[in-house]
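The values are calculated or read from the model by the stated rules, or taken from the named source; none is laboratory data. These figures come from a predicted structure and were not determined experimentally. Note: ideal-geometry Cβ built from the backbone for every residue, glycine included; neighbour counts use all protein chains shown.
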Amino acid sequence: MSPLYSIYKREFTSYFVTPVAYVFIVIFLFLTGIFTFYIGAFFETNQADLEPFFRFHPWLYLFLIPAISMRLWSDERKSGTIELLMTLPVSITDAVIGKYLAAWSFTAVALALTFPMWITVNYLGSPDNTVILASYIGSLIMAGGFLAIGSCISALTKSQVVSFVISVVICFMFILSGFPMVLDIFQSWAPQAVLDAIASFSFLTHFTSIKKGVIDIRDVVYFSALIIFWLYVNVVVIEAKKAS
C-alpha cells in the first residue's frame, strides 16, 4: 500500500467516524433544495433543466468547502500530530495530496447524493442530460479549486476559525473578479486585455461556461492550474513549518 493511499484512506475514513460528515451532508442537501426550489424558483421557470440547481453552487461552496478544509492541517498543528506525521515514511507531497484527495472525495460523495434532483427533472420533462452531466463535472472541479485554496490556508494557522475566514475571503475574491462592479474599477484606465485577464480568474466565468454543456479545455486547464498552484504552495508551507 503506497504512502499516499494510506494517508488518503485514513483521512477519508476519519470523516465518517464523527457526526461532522453527516451534519455537513445534511446541511448541503438542505441548502441545495432551498436554493433550487425556493430562491431559484425551479417550478416557476417551467423548464426541465437544473440551471437553478447549479446556479448557486459557487455560493454554497464559498462557505461549505472552507468548513471542510479548515481542519485539514490546522487540526494537525493544534493537536501536535503533524510532528508525528512528518516522522512517518511518507513525503510531504504525498501527505498534502492524500489529505486533499480525501476531502475532495468526501465533497464528491455529498454532490453525488443530490442525484434525486437529476431524477426529478427527468421525471418532469426531457432535459439535456449531457448539459447536466457537464454541470456536475464542472461543479466538482470548481469544488476542487475551492478546496485547494482552503487546504493551503489551513496549513498557515493552528486556528480553524482563522483558516475558515481567510479561505472564505480569498475564495470570495476569486468569485468577484468577474463581476461588473470589480471590472468597472479598472475599465476607465486599463486596456481590454487586462480586463479579460482579471475576469478570467473568476470561478463564475469558467463554471458558467461549463454549465452550458461544453467542457472547454481552457476551463479545465484553469481549474487544474489553480489546484496545482495552491497544492504546491501548501507543500512549501508545510516544508517551511517542518524546517522551523
Is it the case that residue 82 is modelled with pLDDT of 85 or more and at negative phi? no
Tell me which residues, restricted to the range 175-219, are in contact with a Gly (Cβ under 9 Å, 6 or more places away or on another chain) and either part of a helix (DSSP H, G or I) or modelled with pLDDT of 85 or more (or both). 198, 199, 203, 204, 205, 206, 207, 208, 209, 210, 211, 219
For the range 100-116, give me each residue that is touching a helix residue (DSSP H, G or I) at 6+ places or on another chain (Cβ under 7 Å) and in a helix (DSSP H, G or I). 100, 101, 102, 103, 104, 105, 106, 107, 108, 110, 111
Taking the range 210-232, which residues are buried (at least 17 other Cβ atoms within 10 Å of the Cβ) and touching a residue at least 24 places away in the same chain (Cβ under 8 Å)? 210, 211, 219, 223, 226, 227, 230, 231
When you go through 137, 227, 166 one by one, which is the residue that is of a type outside the set (Gly, Ala, Ser), part of a helix (DSSP H, G or I), at pLDDT 85 or above and more than 21 Å from residue 70 (Cβ to Cβ)? 137
Residue 26 being surrounded by fewer than 19 Cβ atoms within 10 Å (Cβ to Cβ), within 19 Å of the chain's Cα centre (by Cα) and at pLDDT 90 or above: yes
Hey, can you tell me all the residues within the range 119-134 that are modelled with pLDDT of 85 or more and touching a helix residue (DSSP H, G or I) at 6+ places or on another chain (Cβ under 7 Å)? 132, 134
